[in-house]
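Enquirer: Quick one: this structure, given as structure tokens, is what I'll be asking you about.
Bear in mind that the values in this text are calculations on the coordinates, not laboratory data. These numbers come from a predicted model, not from an experiment. Reconstructed Cβ throughout: ideal geometry from the backbone, glycine too, with neighbour counts over all protein chains shown.
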Amino acid sequence: MKICIISDSHDNVPNIDKMLGYCKKENIRVLLHCGDLCAPSVVKYLAENFAGEIWWIAGNVHGELKKMSDISEHFSNTHYLGEEGSPQIPGVDFKIYLTHYPEVAEEVAKTGKYDYIFYGHDHRPWEKTACKTRLVNPGTLAGMFNKATFAVYNTENNGLELKLLERI
């Protein structure tokens, strides 16, 4: 199974569309969003245009979080975890944690409870291992302050790839 990990999309619908096109072409059925979706309309847009399950958290830039959460509850494929949390993905036998903030990712890694922690916020793609936990920042899908990127994790071969949006 392939999992797409995105963060900091900041309402950039053209970039979201390009990422969704890639997901469709690659038959990706799980999407993890590490915060800063921003507008309620983007939650609805993702839910209506992604064929699989979406797990998302809040970031530091969002409008009408209650409305975003309500929209998410309306769609069976969209799961809001709050400010951070652990998605329960069917068929995935390792533990994942989502947060928006790098410093929270570092602290949660120290617990040793998770195999992967995905985070965002600083718009810089990054990967490292801490306390046997792989911490991954997929960068910014919006392309703000850095080129637009996202990550794809393949559960079958434990492969993690950073995708540069301009190259897909």
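Enquirer: For LYS113, give me every one of the lysines with a C-alpha distance below 17 angstrom, ignoring sequence neighbours fewer than eight places off in its own chain.
Expert: By straight Cα distance, LYS113 reaches LYS95, LYS128, LYS132.
Enquirer: With the cut-off at 1.5 for a/c, could you classify segment 85-168 from its C-alpha gyration tensor as rounded, prolate or oblate?
Expert: oblate
Enquirer: Here's something else I'd like to know. Can you compute 3J(HN,Hα) from phi for each residue in segment 34-47, using the Karplus curve 6.51 cos²θ - 1.76 cosθ + 1.60 with θ = phi - 60°, rounded to whole Hz and x for Gly and Pro?
Expert: Using θ = phi - 60°, the values come out as 8, x, 6, 6, 5, 9, x, 4, 6, 4, 4, 4, 4, 4 Hz.
Enquirer: Calculate the spin-label point distance for HIS74 paired with ASP115, positioning each point 7 Å from the Cα along the beta-carbon direction, and give it in nanometres.
Expert: With each label point 7 Å from Cα toward Cβ, the separation is 3.5 nm.
Enquirer: With loop defined by DSSP as not H, G, I, E or B, and exposure as at most 14 other Cβ atoms within 10 Å, which is the longest segment of the chain clear of exposed GluC sites (Glu not before Pro)?
Expert: 65-155
Enquirer: Related question: Just going by the charge dipole of segment 1-51, with Lys and Arg at +1 and Asp and Glu at -1 on Cβ, which of SER41, CYS23, ILE6 is farthest out on the positive end?
Expert: So the residue furthest toward the plus end is CYS23.
Enquirer: What is the dipole size for the chain, taken about its Cα centre, with +1 at each Lys and Arg Cβ and -1 at each Asp and Glu Cβ, in debye to the nearest 20?
Expert: Computed about the Cα centre, the dipole is about 400 debye.
Enquirer: Still on this structure, please answer the following. Across all directions of projection, what mean area in square nanometres is found for the Cα convex hull of segment 1-159?
Expert: Across all orientations, segment 1-159 yields a mean hull projection of 8.3 nm².
Enquirer: Also: Within straight cross-link reach of LYS24, meaning Cα distance under 19 Å, which aspartates and glutamates are found once same-chain residues fewer than 8 apart are removed?
Expert: Output for LYS24: GLU48, GLU53, GLU156, GLU161, GLU166.
Enquirer: Counting only the backbone N, which residues of segment 96-112 are under 15 Å from the spot 7 Å out from the Cα of LYS132 toward its beta-carbon?
Expert: 96, 109-112
Enquirer: Let me have the 222 nm mean residue ellipticity of the chain computed from DSSP H runs of 4+ only, each contributing -39500 (n - 2.57), with the sum over all residues rounded to the nearest 500.
Expert: So the calculated ellipticity at 222 nm is -7000 deg cm²/dmol.
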